[in-house]
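Here the structure comes first, spelled out in C-alpha cells, and everything after it is commentary.
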Amino acid sequence: MRGQIGKCKLMNEDLKIKQLIVPIINSLGYDLVRIQICDEKTKTVQIMVERLDEADLTVEDCSIISKEISVILDINDPISGNYLLEVSSPGIDRPLLRLKDFEKYAGFHARVDMNIMFEGRKKFRGKLAGIEGKNIRIRVKEETYVLPFDEIQKAKLLLTQELLNAATQN
C-alpha cells in the first residue's frame, strides 16, 4: 500500500527511518503502524504505534516512545530540516495498513479505496471478511470481493456502534 493523505506523504517505503526506530519501538513493547511526514507550515513527522500487548496506548506510552526515538533521529538525522515529532495511536477508526490489520478486524465495517478499477469500481464499503493469501476480503451488501492488498490506496475502519462497543470492552 502506498499513498498520500492530504499534504502528508506515507513513508512506509522509507527504510532508513524504519530501520532506525523499529528496533527501539519493539524493544519498548510497541509495534510501528505507520510513519508519515506532513509538510505544511511546519514539517511534522507522525509516528503511529500500538502496544504489542494490545492494551490501549496512553499519553505516557507516547511520551516514552517520543523521548527514545528523538535521540536516535537527532543523532542519525534522516529527515532534512527542522520538524515536529508526533507519536500517536491509530485510534478507534484506525487506518488499515498491514495485511494483518484486515485479519484482526474481520467482522468490522471498513472503507477500502483501490489504486485500480476492480470489478468496475475503486471504492468498497462493507464488512471485512479476513484475508485470503495476499488478498483481503470485504463483503459489500450481498457480494464478497477479494481485493489485491498491493493495490489498496487507503483503507480504514468505519466508526460504527459495533466498533465503539468492541473498543470499550477492551
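In the chain, the DSSP beta bridges split such that about 90 percent are antiparallel, to the nearest 5.
By the Cα gyration tensor, the chain has an equivalent ellipsoid whose semi-axes, rounded to whole angstrom, run 30, 19, 14 from largest to smallest. Footprinting exposure proxy ranking of ILE69, ILE116, fewest other C-beta atoms within 10 angstrom first, gives ILE116, ILE69. Treating r as the C-beta distance of MET117 and LEU15 and R0 as 35 Å, the FRET efficiency rounds to 0.70. As a rough footprinting exposure proxy, the listed residues ARG94, ARG111 were ranked by other beta carbons within 10 Å of their own, and the order from fewest upward is ARG111, ARG94. Largest GNM mean-square fluctuation across GLY29, GLY130, GLY81, computed for the chain with C-alpha springs under 10 Å, falls on GLY81. Remark: spin-label model distance GLU86-ASN165 equals 3.2 nm, labels positioned 7 Å along the Cα→Cβ axis. Available extension along the chain between LYS41 and GLU68 is 7.2 nm, counting 0.36 nm per residue and deducting the alpha carbon span.
Looking at the stretch 4-88, the DSSP beta bridges with both ends there are about 75 percent antiparallel. Using Cβ contacts closer than 10 Å as the measure, can you line up GLU142, GLU68 from fewest to most? So the residues, fewest neighbours to most, are GLU142, GLU68. Semi-axes of the equivalent ellipsoid of the stretch 99-169 are 21, 12, 11 Å, computed as sqrt(5λ) over the eigenvalues of the C-alpha gyration tensor in descending order.
Relative to the longest principal axis of the Cα atoms of the chain, the long axis of helix 15-27 lies at roughly 90 degrees. Modelled this way, with points 7 Å down the Cα-to-C-beta line, the labels at LYS134 and SER27 are 3.2 nm from one another. Rounded to the nearest 10 degrees, what's the angle between the helix 59-76 long axis and the longest principal axis of the chain, both from Cα atoms, 0 to 90? Approximately 60 degrees, to the nearest ten.
Bear in mind these aren't lab numbers, they're just calculated from the coordinates by the rules spelled out. Just so we're clear, the structure is a prediction, and the values are computed from it rather than from any experiment. Here Cβ is always computed from backbone atoms with ideal geometry, including for glycine, and neighbour counts include all displayed protein chains.
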